[in-house]
Amino acid sequence: VTDIVLNNLVELSKHKFASNAVEKCIIHGDSEYRELLYKKILKDNLDPNEPVDDESYLALMMKDPFANYVVQKMVELSQGENKKLLIVKIRQYLDIISRANYGKHLASIEKLLSLSESVQV
């Protein structure tokens, strides 16, 4: 199951019911598995000075009504430098999409924003 989740992370995270299974894998997976998921989510976004690409896994997941809960769970359970970089990237992308008309109206994005603001980087 964990291999399937890892290999289909974005697609499963965007599914109403499968996103719950992805969250369970994050919760119950060991630190090595979480690290693999973290690297998959931040693929091509590991440089804190580079903006988040609108077509990156992180951006696609943040904009999705189900996948954003997976991102929230990763923020909650990440630690150390991984958590800091994830928060930096979330803030960068929220800044970009908050300028767009739809960005301000998505409750899930607002929840991510409040979550990211509660974490000191």
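The values are calculated or read from the model by the stated rules, or taken from the named source; none is laboratory data. Keep in mind it's a predicted model, so treat the numbers as computed, not measured. Methodologically, a virtual Cβ is constructed for each residue, glycine included, from the backbone with ideal geometry; neighbour enumeration extends over all protein chains shown. These accessible areas exclude ligands, DNA and RNA; they are computed on the full protein's heavy atoms, side chains included. Shrake-Rupley method; radii C 1.70, N 1.55, O 1.52, S 1.80 Å.
Numerical summary
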| quantity | calculated |
| --- | --- |
| Lys73 open to solvent by less than 50 Å² (accessible area, probe 1.4 Å), among the basic types (Lys, Arg) and out of contact with any Pro (no Cβ under 9 Å at 6 or more places or on another chain) | yes |
| Residue list for the stretch 78-121, filter: open to solvent by less than 20 Å² (accessible area, probe 1.4 Å), part of a helix (DSSP H, G or I) and at pLDDT 85 or above | Leu86, Ile87, Lys89, Ile90, Tyr93 |
| Segments classed as helices (runs of 4 or more DSSP H), wholly inside the stretch 1-57, with at least 3 members that are under 20 Å from Leu77 (Cβ atoms), open to solvent by 30 Å² or more (accessible area, probe 1.4 Å) and touching a residue at least 12 places away in the same chain (Cβ under 8 Å) | 18-28, 31-41 |
| Residues within the stretch 1-59 that are of a type in the set (Phe, Trp, Tyr) and farther than 21 Å from Arg91 by Cα, tallied | 2 |
| Checklist (1) at pLDDT 70 or above; (2) not in a helix (DSSP H, G or I); (3) not aliphatic (A, V, I, L, M) applied to Tyr69, failing item | (2) |
